[in-house]
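Peer 1: Below: one structure in structure tokens.
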Amino acid sequence: WGGVVVDGIPALDAPEAVPAAAATFLTADDPVFGITLGGESRAYPTRILDWHEMVNDVVGSVPFSLTWCTLCGAPVPYRGLLDGERVTFGSSGMLWRSNKLMYDRGTDTLWNQATGRAVIGPLAGQGVQLEVLPVRTTTWGAWRRAHPSTTVVTPRTGHDRDYTPGAAYGDYFASAETMFPTPGLGATYRPKERIVIVRRGGDA
């Protein structure tokens, strides 16, 4: 248990987004997650996602859920369809090896955020796999130059949060310590060392 109740970290559902020219709340160096689907692009500022860890949205007529595990620094977007039906997710408040377990709102099944596999609940053990979509982690300036017609999610989320950079997890990432156990990591890499995972077909 991560210390918060179900949806204690509230997901954003179809959050407000504005054209790039209206994003006066961002600086060029602000980190964002960039999504391009169906010919449309949208940026999700990291400092907003730090407080919500989950966005259920539609870009270019493609439904998806952008999941963000703050503790392990892993953004993973999944197509928001399961057996042809729309699926949305929230935060369960549970963790496995310091990685968030999300739940789908249709069956209350728990899902591994990093793998997109059902682990506990009605859909577990059925070989169900969420489809990973592409995401780019970059700065607002670089994303806007590459995608001039992008929209960007605003701090007007309906939640009272301090969306300044580093407000949510700045102290955590300034420390070498982990908040929750991650047994069996070995000594090759530090627990918070950033790595890039490349997945193609069944290989990683």
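The values are calculated or read from the model by the stated rules, or taken from the named source; none is laboratory data. Since we're looking at a predicted model, the values are computed, not measured. Glycine also receives a Cβ, built like all others from the backbone with ideal geometry; neighbour counts cover every protein chain displayed. Heavy atoms of the whole protein, side chains included, go into the accessibility calculation; ligands, DNA and RNA do not. Shrake-Rupley method; radii C 1.70, N 1.55, O 1.52, S 1.80 Å.
Peer 1: If you go through the range 35-48 one residue at a time, how many are buried (at least 23 other Cβ atoms within 10 Å of the Cβ) and out of contact with any Pro (no Cβ under 7 Å at 6 or more places or on another chain)?
Peer 2: 3
Peer 1: Also, quick follow-up: Name the strands (runs of 3 or more DSSP E) wholly inside the range 49-127 in which the number of residues that are closer than 30 Å to ARG190 by Cα, open to solvent by 20 Å² or more (accessible area, probe 1.4 Å) and out of contact with any helix residue (DSSP H, G or I) (no Cβ under 7 Å at 6 or more places or on another chain) is 1 or more. Step through it out loud before you land on a result.
Peer 2: Details: elements: 54-59, 62-69, 74-79, 89-96, 99-104, 110-112, 118-120.
Qualifying strands (runs of 3 or more DSSP E): 74-79, 89-96, 99-104, 110-112, 118-120.
Peer 1: May I ask you to list pairs of residues, at least six apart or on different chains, whose Cβ atoms are under 9 Å apart, with the first in the range 153-173 being open to solvent by less than 40 Å² (accessible area, probe 1.4 Å) and the second being of a type in the set (S, T, N, Q) and not in a helix (DSSP H, G or I)?
Peer 2: TYR163/THR157; ALA168/THR70; TYR172/THR70; TYR172/THR178
Peer 1: Could you please find all residues in the range 128-141 being open to solvent by less than 80 Å² (accessible area, probe 1.4 Å) and under 26 Å from VAL152 (Cα atoms)? Before the answer, list the steps.
Peer 2: At the first step, the residues of the range 128-141 found to be open to solvent by less than 80 Å² (accessible area, probe 1.4 Å) are 128, 130, 132-133, 135, 138-141.
Listed by number, the residues that qualify are LEU130, VAL132, LEU133, VAL135, THR138, THR139, TRP140, GLY141.
Peer 1: Looking at the range 136-159, is at least one residue part of a loop (DSSP other than H, G, I, E, B) and closer than 25 Å to GLY201 by Cα? Before the answer, list the steps.
Peer 2: Looking only at the range 136-159, we keep the residues that are part of a loop (DSSP other than H, G, I, E, B), and these are 147-150, 154-159.
Pick out the ones that are also closer than 25 Å to GLY201 by Cα and you get none.
No, that holds for no residue.
Peer 1: Another question, then. If you take the residues of the range 174-203 that are outside any loop (DSSP other than H, G, I, E, B) and open to solvent by 100 Å² or more (accessible area, probe 1.4 Å), which of them is farthest from VAL76 (Cα to Cα)?
Peer 2: Of everything passing the filter in the range 174-203, ASP203 is farthest from VAL76 (Cα to Cα).
Peer 1: Determine the pairs where a residue that is closer than 12 Å to LEU71 by Cα, located within the range 177-201, has a partner that is of a type in the set (D, E, K, R) and part of a loop (DSSP other than H, G, I, E, B) with Cβ atoms under 6 Å apart, the partner being 6 or more residues away or on another chain.
Peer 2: THR182/ARG97
Peer 1: Could you say whether any residue in the range 7-18 is out of contact with any strand residue (DSSP E or B) (no Cβ under 9 Å at 6 or more places or on another chain), acidic (Asp, Glu) and part of a strand (DSSP E or B)?
Peer 2: So the first thing to find is which residues in the range 7-18 are out of contact with any strand residue (DSSP E or B) (no Cβ under 9 Å at 6 or more places or on another chain), and the list is none.
No; the residues of the range 7-18 include none that is out of contact with any strand residue (DSSP E or B) (no Cβ under 9 Å at 6 or more places or on another chain), acidic (Asp, Glu) and part of a strand (DSSP E or B).
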